[in-house]
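Written below as structure tokens is the structure these notes are about.
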Amino acid sequence: MKALLAYVPVTDPTAPYHSLVYLASFARQRGFTDIELRDTNIEALNYAADPERMSALLTRWLRRYEELSARDSLNGTEQLEYLHALRARSLSPESARDAIATLRDPQAFYDYARYQAAVRTIKLWVQSLSLEGFPGQFGGGFNLEGLPASLCSIDEMRDPAVLERIVGPLLPYFDEKFLPWIRVQRFDLIGLNVTYTSQLPYALWLAREIRRVLPACYVVCGGTEISDIWKYTLRRERLGELFEGVDACVVGEGETAFLELLEALRDGRRPSNVANTIFFADDRTMLPPPRIAYENLDAMPTPDYGLLEDRGYFSPEPFVYYSPTRGCYWNRCTFCDYGLNFGTPTSPWRQRKLENVLEDLRAISRHSRFVYLSVDVLAPATVVKLARAIAAEGIDVRWGAEVRLERHFNAEACADLRRSGCVAVSVGFESGSQRILDAIDKGTKLPDISATLGNFHDNGIAVQMMGFTGFPSETAAEALESVAFLERHRNRWTVAGLGEFVLTPGAIVALKPQEFGIDEVGPHANDDIARILRFRDEASATPEQREEITAAKRTLNREDFDRPFAGGIDSAHSFFYYERNGTAFPESIIADFRRRRSGSGATALVLNGRIVDDVVFDPWACTEASAISALRLQAGRDEGLVLRAREFVERLDADRPPVERFERPVTYFL
């Protein structure tokens, strides 16, 4: 019995996700040892970064740029294509490979100037790769954004042309490496893990290709996104169409389901009656799970992270995700809808015995210094008890977790956390309005949140704040209270993400809308998978107020990058920087870097381009070749001119007011 578990693109390239390690470790404990793990996400990205392949791509993109430049006008898609082809001209064949090498280098990684340059190069490279798919499809990083096709439409997500176009940037890896390899290996079962929505098109495309290459192979999909599709699809009878080429989908927790699938195939039986498993008949009829089961965590073996060794992750050392609990002990927040839950915000809460967790952490510490306790939220008593045991046992790890800001985290408890190796926590403070916290049923009070923040900060533990505005019935003034709360406590947290409320079908707000003053709740038009619901809230902010709230939120930004890079909440890179710099990251570290970079006003600079005087160049507005040519004629040819930094800034921003010039500097260029 030979099985493969594969993690599919496109997602975080800095560290491996842990779900496949859990599945394989559980099955191996029960005698299925011929199980291989492959992270096709990181393998495909590194394959695309190869200088020889990049050289061919850059040549093709330059030809396309020249072709588009010669046209009299460009449509919307061509404008996006032109923009990314223009930006790609600053890349060399070696750019991506060298930038990745910087992030993997234990010294260069912590030189923030080199780190920043490497990340910017990688982001530009990934955006440029979208020229092989839908231009701009990767947004600002390793995600799918702005697609002309909807990830909530079954018709569009089963369209072969759409899927192949999305996969296009990483297609050479699958065509030249992965698919030929599985043809030789001839696996009996291949499981595709789909944790995030951005991975869905790749999994759907790959399942069909696996079926083509290995017709007899049993193909299974599982992961958080698969569970969400089961929860949110409006007409489940259509799932057989969506998952073409797939034999079964596992929803919810997968260890026992995976084991029972392996046992059936080993015994020559067609798998059936497996907990948490959707089956598809030959005519694509969907058979729902016979039952939903939740795992006994103390029956789980210690996860063997050696099964997924370093495949070239964009990090200087290993970083591990580990789950000592599942579900949420609070399980009352009215906005939440996570996990395979029924009538409660999350799945049932369970925790592994302390002695088993300590044994797991000892094993992890031999593989990695860094571990993130990847759970919905850890109970305060559990966190403190675990921290004291880690310190007493002398287990050498640097760790973090998501916790609630409760009074249990007093100064003594936070000191114990820090002694055990805790470098950061992430917290859902949610709102700076007590009325909204009560409506959410958060169970916290603002004075206690303030005190707890101080306890973490005073003990050198970085606090990453998460919240949102726009909860039903929230006024504009209450939304601004959240910004004001974070501003007042600015010296106690490191990064803060204040997003916008979205309504999901399983949340208590959606199940009892009248209790929250909203109506007209339902799926968005043309959505087959209703991940997010529309609703009407008469108390919602006006467009002008929303603009004010958005502007206020921007004042909280103090980082250069979001996930998966340093500055992103819970990212591996942020933890590396917290361990090295403590709570000085990101604000003090980045401010110091900018001071050193700026130099004095007398610093000599040599222009490597042209300064355009009295011309405001908006690349989005230049849709016609004649308009671009006209701008070029207006540009002075100053290349090679030596200027002092002060004069350089003055010439660049001569057309803008002095205050705005320094608050939001913009360089116009051709």
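When the residues of region 117-176 are filtered to those that are closer than 24 Å to T14 by Cα and basic (K, R), the one that is most open to solvent (accessible area, probe 1.4 Å) is R120. Of the residues A44, A56, A49, which single one is over 30 Å from Y22 (Cα atoms) and either hydrophobic (A, V, I, L, M, F, W, C) or touching a residue at least 24 places away in the same chain (Cβ under 8 Å) (or both)? Just a single option satisfies the conditions, and that option is A56.
Residues that are open to solvent by 10 Å² or more (accessible area, probe 1.4 Å) and part of a helix (DSSP H, G or I) were ranked within region 455-465; the one that is nearest to R404 (Cα to Cα) is N455. When every residue of region 598-607 is checked against the conditions, none turns out to be open to solvent by less than 20 Å² (accessible area, probe 1.4 Å), part of a loop (DSSP other than H, G, I, E, B), farther than 30 Å from E317 by Cα and modelled with pLDDT of 75 or more. The condition (being at pLDDT below 95 and out of contact with any Leu (no Cβ under 9 Å at 6 or more places or on another chain)) is satisfied by just one residue among D298, D282: D282.
For region 1-39, the set of residues classified as open to solvent by less than 10 Å² (accessible area, probe 1.4 Å) and among the acidic types (D, E) consists of D39 only. Please work out which residue is least open to solvent (accessible area, probe 1.4 Å), limiting yourself to region 489-514 and to residues that are in a loop (DSSP other than H, G, I, E, B) and β-branched (V, I, T). Selected residue: T494. All told, S450 falls short of being assigned to a helix (DSSP H, G or I), modelled with pLDDT of 95 or more, over 23 Å from R418 (Cα atoms) and hydroxyl-bearing (S, T, Y). Identification of helices (runs of 4 or more DSSP H) wholly contained in region 133-198 with 3 or more residues that are at negative phi and in contact with a Ser or Thr (Cβ under 9 Å, 6 or more places away or on another chain) yields 154-157. Inspect region 239-247 for any residue being outside any helix (DSSP H, G or I) and touching a residue at least 60 places away in the same chain (Cβ under 8 Å) and give the result as yes or no. Yes, because at least one residue in region 239-247 is outside any helix (DSSP H, G or I) and touching a residue at least 60 places away in the same chain (Cβ under 8 Å). Only one entry in I395, I390 is modelled with pLDDT of 95 or more, within 30 Å of L308 (Cα to Cα) and not in a helix (DSSP H, G or I), namely I395. Could you tell me whether any residue of region 369-377 is open to solvent by 40 Å² or more (accessible area, probe 1.4 Å), at pLDDT below 95 and farther than 30 Å from I449 by Cβ? No, the conditions are met nowhere in region 369-377.
Quick check on Y329: is it touching a Phe, Trp or Tyr at 6+ places or on another chain (Cβ under 6 Å), in a loop (DSSP other than H, G, I, E, B) and crowded, with 18+ Cβ neighbours inside 10 Å? Yes, satisfied.
Table: residues versus (1) of a type outside the set (V, I, T); (2) more than 30 Å from C422 (Cβ to Cβ); (3) touching a residue at least 24 places away in the same chain (Cβ under 8 Å).
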position	(1), (2), (3)
M466	yes, no, yes
V502	no, yes, yes
D519	yes, yes, no
K553	yes, no, yes
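Cβ-Cβ contacts under 6 Å between residues 6 or more apart (or on different chains), taken from a first residue in region 159-176 that is at pLDDT 95 or above to a second residue that is among the charged types (D, E, K, R), are listed as V162/E156; G168/E132; P169/E132. Scanning region 75-87 for residues that are farther than 18 Å from F138 by Cα and open to solvent by less than 40 Å² (accessible area, probe 1.4 Å) turns up nothing.
The values are calculated or read from the model by the stated rules, or taken from the named source; none is laboratory data. Since we're looking at a predicted model, the values are computed, not measured. Please note: Cβ atoms are built from the backbone with ideal geometry, for glycine as well, and neighbour counts cover all protein chains shown. What goes into the accessible areas is simple: the full protein's heavy atoms, side chains included, and nothing from ligands, DNA or RNA. Shrake-Rupley method; radii C 1.70, N 1.55, O 1.52, S 1.80 Å.
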